[in-house]
Amino acid sequence: MVVWNPWHGCHKISPGCANCYVYRRDESIGIDASVVRKTESYDNPLKKNRKKEYFITPETGIVYTCMTSDFFLSDADKWRQGCWDIIRERKDLKFHIITKRIDRFEQCIPDDWGSGWENVTICSTCENQEMTDYRLPILIKLPIKHREVISEPILGEINMEKYLATGLIEHVTCGGESGDNARPCDFRWIQEIRRECIRNSIPFTFKQTGSVFIKDGKTYHIDRKDQMMQAKKSRHNYYPGMGNAYSIRYTLPDRMDLFERLQRSGFRSKFHLDNKDKEYIKEKGMKTIMEHARDFVTNRLSAENPENDGKQTPMKGHPVFIAQHATACCCRSCIEKWHHIPTGKKLSASEQSYIVDVIMDWINKEIR
Ligand code: SF4
Ligand SMILES: [Zn+2]
């Protein structure tokens, strides 16, 4: 990984900026981060060694551009054209530009930008729902070849599925905030975005927990040096087809506790078998109903990323469908939330049996 900072310094513009690491670091060495200045690294990608070879080569990896400022900052309007010239010249390198100012993009691109440059990835950050709904529609409409989203520091629950569903976003990264005044990061927010990514087959990275991490309602204070490692240990990164979710450790819920919780849920507890369903069960016999349940679980739920996840179980038409909604065995998201079986992996034979068992348990209770 290479960092190229053609200018340094920035202005805070959104909630995610509150504890900006550029400000924190500059303050600690007595520098005013709000003064924006061109740096000596300005033409780094063009610098060569004595053998007339570039210092930065494609083998050195992605060039993270403008990491101590914002590439689309208005203070830098006078310097940006020169950067585009460099990026145009170094077509062999991949430039990643992370910005909170995607709304300035159109007025900042060079004349020959066309439908975007292959070697430029634009990453828009969105730290909360408001910024997501402001920035992502812009990101999607712009002529860009490679788009990514970064929710770091994530500051609340975010739903970005409608933007992911466009198929135009290539990667999503999430993470908590670090530093002394860090705001908390709830693991549920991370898991929700991850599920949205899985449903849309988009790679997802959980980069770091941040300093204040909430998991299962408990708050943990995590040392800076452990934040990335802890995120990695949770094994929540997702790459379609790579099967990284197989190593997520989880425990199935206690059955009695599960049924009590389902009872308390207004949505789950409203599902019941009607007389027609009960007649059907009587006519077919329990063994056949169980075969149907097995069939639905295998064919509609078991794939790493089931087709139409969230919509694959009708609300009526078969007693097993009703039982699936009543027991939160209707889709992989519900199965993860209620039964802890991670999304993003194929269901094992024993996981499938467990789900069938829960469904049949509920049906038996209803009939009694
Ligand atoms: S846009 Fe980025 S660099 Fe600029 S103040 Fe906000 S967090 Fe810091
Ligand atoms: Zn569901």
Length-normalised contact order of the chain in % [C-alpha pairs under 8 Å, at least 6 apart]: 10
Partners for LYS232 among lysines (Cα-Cα distance below 28 Å; same-chain residues under 8 apart left out): LYS94, LYS100, LYS162, LYS207, LYS215, LYS218, LYS337, LYS345, LYS346
FRET efficiency estimate (nearest 0.05) - Cβ-Cβ, TYR250 to THR288, R0 25 angstrom: 0.20
Distance (nanometres) between label positions extended 7 Å along Cα→Cβ at LEU46 and ARG88: 1.2
Calculated FRET value between ARG235 and LYS145, using beta carbons and R₀ = 35 Å, to 0.05: 0.70
Length added when fully stretched, LYS215-SER115, from 0.36 nm per residue minus Cα-Cα: 31.8 nm
Packing-based ranking, highest mean first, of 60-73, 306-319 given that Cβ atoms within 10 Å are counted: 60-73, 306-319
Fraction of beta bridges assigned by DSSP in the chain that are antiparallel (%, nearest 5): 25
Straight-distance crosslink candidates among aspartates and glutamates, where the alpha carbon sits under 16 Å from LYS91 and sequence neighbours closer than 8 are dropped: ASP43, GLU53, GLU59, ASP112, GLU118
In nm, spacing of pseudo-spin labels at ASP257 and THR39 (7 Å Cα→C-beta vector): 4.9
Prolate/oblate/rounded call for the stretch 1-105, Cα gyration tensor, a/c under 1.5 rounded: prolate
Cα-projected label distance for GLU53 with MET315, points at 7 Å along beta-carbon direction, nm: 6.5
Within straight-line cross-link reach of LYS278, lysines at Cα separation under 20 Å, skipping those fewer than 8 residues along the same chain: LYS270, LYS287, LYS316, LYS365
Under the Karplus curve 6.51 cos²θ - 1.76 cosθ + 1.60, θ = phi - 60°, whole-Hz ³J(HN,Hα) for the stretch 62-78, x wherever Gly or Pro sits: 4, 9, 6, 9, 6, 8, 10, 6, 10, 4, 9, 4, 5, 4, 9, 3, 6
Per principal axis, descending, Cα span of the chain in whole Å: 83, 42, 37
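Bear in mind that the values in this text are calculations on the coordinates, not laboratory data. Nothing here was measured: the structure is a model prediction, and the numbers come from that model. Note that we place each Cβ from the backbone using ideal geometry, even for glycine, and neighbour counts take in every protein chain shown.
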